[in-house]
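Read-outs: derived from the displayed coordinates by stated rules, not from any lab. Quick caveat, the model's predicted, so the values are computed rather than measured. Here Cβ is always computed from backbone atoms with ideal geometry, including for glycine, and neighbour counts include all displayed protein chains.
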Amino acid sequence: MVITWIVISVLTGAVGFAIGWLLRQRIGQKKLARASEMAQHLIENAKAEGENFKKERLLEVKEEVFQMKQEVEREAKTRLSEVQRLEKQLSDRELNLDRKVDILNKKEKDLNLLNESLRSKETLLNKKDTELEQLIHEENQRLERISGLTTEEAKNIQMQNMLEKAKQEAAHEIYEVREQAKQTAIREAREIVTQALQRCSINHVVETTVSLVTLPDDEMKGRIIGREGRNIRAFESATGIEVLIDDTPQTVVLSGFDPVRREIARQALEKLIYDGRIHPGRIEELVEKTRDEINTRITDLGEQALHDIGVHGVHVELARLLGKQHFRTTYGQNLLQHSQEVALLSGGMATQLGLDMTSAKRAGILHDIGKAAEDYGDAPFYEIGVELAKKFGENEIVQNTIACQSQNNNVNIISPISVLVQVADAISVSRPGAQKEMLDNYLKRMTSIESIASSYSGVVKAYALQAGRELRVIVEHTTVDEVKSQVLADDIAKRIREEIGYPGQVKVTVLREYRSIDYAK
């Protein structure tokens, strides 16, 4: 029984093994079939992708080839155009060279003809020289026979004559050189003075010995006089200026020869009129206050004048005296402005001559310092000026310049600057418009000078410049040519010289203007 079960178990195991083997075989075949199908599918996919990749690569290669071809064609075109340009340049150069060669050949031919002509002329000249020498020799022999002199004796006589002629010509040349040098020196001196004048610009004011004060109404005259005249007496006593009240409407005249006192009186009276409280106490108070203000202003004016012309380190007392010059006149000019003008002129001329401009300006601004120093005695102003310059530390050039203001010719001049200041002073006081000339007369002379020029035919405009020192005449170029312009300048100068009174000289300049105008549109 046991064996039976064993046999049955063995058979059952064998049958199970066989069945399992069969099942594994069938499963393996299926897997193998699926793997084959998958492999086939992968191969087909790979082939398809390979074809696609091949086509893509082929297209890329074709595109690259096309781009390279395009680039090569462009480069070829560029090089071709460059070659054509170079060929054109070479052709042009060759054409120019051919043209130049033709020109050179023509010039060479002309030169050869000229050389032949020169050689023929040279031959002819040599022949004529030989003939001339023969004639001279024969003429010398004939002259020797006639004069009875040898050739050497004739040469000596001729040499003496030539020496005498050379001496005369040399003397004449020396005279001309001297005259030319003199004229050049005069012209350069005038140029120096003219440039100095053009750089100097000073406004000149003519002062008088009276000042006018305008009143708001005529009733103010009674208040200025005061009860029994006490106000006017107090005012005259405090200022030292005479008050003149007449029938002139709304005007009071202040009279006095001291311009500083007159200015103090004028300002004090104007303050009294504005304040309205006019009585002796108030008068004395305002006069004293105004005097202090004027004294301060005097110093400021002097320092400002020194600053304007660039002079520094001047003592404050000298600056104060310069400020007082503002209220004084000389030859109808404001004395301070005259001193500034002299300083500027001196500095300008010193610059042109290579001298010290600062020293010239310093001497020029202080040359009349003694004229404002009435508190320092009754000596001549130049002596007072020299003492003040010594006292307040000015150098010897300034002292010598002030001393040269004296009419005494015995003053020893130690520097050219002293001479320059004298020249500048003379220019300032002799300019057109100075020497107490009235403004109306001055303007009348300017108008007359311009009218003389305008009266000629062809004159368009005439302008008197530089205070009448120069007249510029503008003429029509179609009417007045170059020759007529010179004649016109001479005629105008002659009429001015005969009809107009003026100091110095008047330069007449005739200008011919021609303009060509067009427009770009």
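Restricting attention to region 439-513, close to 45% of DSSP beta bridges with both partner residues there are antiparallel.
Close amide H contacts of Thr329 (hydrogens built in the peptide plane, cut-off under 5 Å, sequence separation of 5 or more or a different chain): Leu335. Between Gln486 and Asp218, full extension at 0.36 nm per residue minus the direct alpha carbon distance yields a gain of 90.2 nm. With both labels modelled 7 Å from their Cα along Cα-to-Cβ, the Thr251 to Ala18 distance reads 17.0 nm. For the peptides 66-79, 258-271, 383-396, residues were scored by their other Cβ atoms within 10 Å and the scores averaged per peptide; the highest-first order is 258-271, 383-396, 66-79. A straight line joining the Cα centroids of region 209-229 and region 1-62 runs 147 Å. Simple spin-label estimate for Lys62 and Tyr463 gives 8.8 nm between the two label positions (7 Å along the Cα-to-Cβ direction from each Cα). Is region 210-430 best put as rounded, prolate or oblate by its Cα gyration tensor, with a ≥ b ≥ c the root eigenvalues, rounded for a/c under 1.5, and otherwise prolate when a/b is larger than b/c, oblate when not? The shape class here is prolate. Take the Cβ atoms of Thr78 and Glu44, set R0 to 60 Å, and the FRET efficiency comes out at 0.70.
By average Cβ neighbour count within 10 Å, what is the ranking of 339-345, 57-63 from highest down?
Values: 339-345: 27.3, 57-63: 10.0.
Highest-to-lowest ranking by the protection proxy: 339-345, 57-63.
Cross-link reach is defined here as a Cα-Cα straight distance under 15 Å, omitting same-chain residues fewer than 8 places apart; for Lys444 the aspartates and glutamates meeting it are Glu499.
Seen from all sides and averaged, what is the projected area of the convex hull of the Cα atoms in region 31-144, in nm²? Could the numbers behind the result be given before it?
Details: hull surface 57.4 nm².
With the hull built on Cα positions only, its mean projection is 14.4 nm².
Spin-label pair Ser9-Tyr376: with each label point 7 Å from Cα along the Cα-Cβ axis, the two points sit 16.5 nm from one another.
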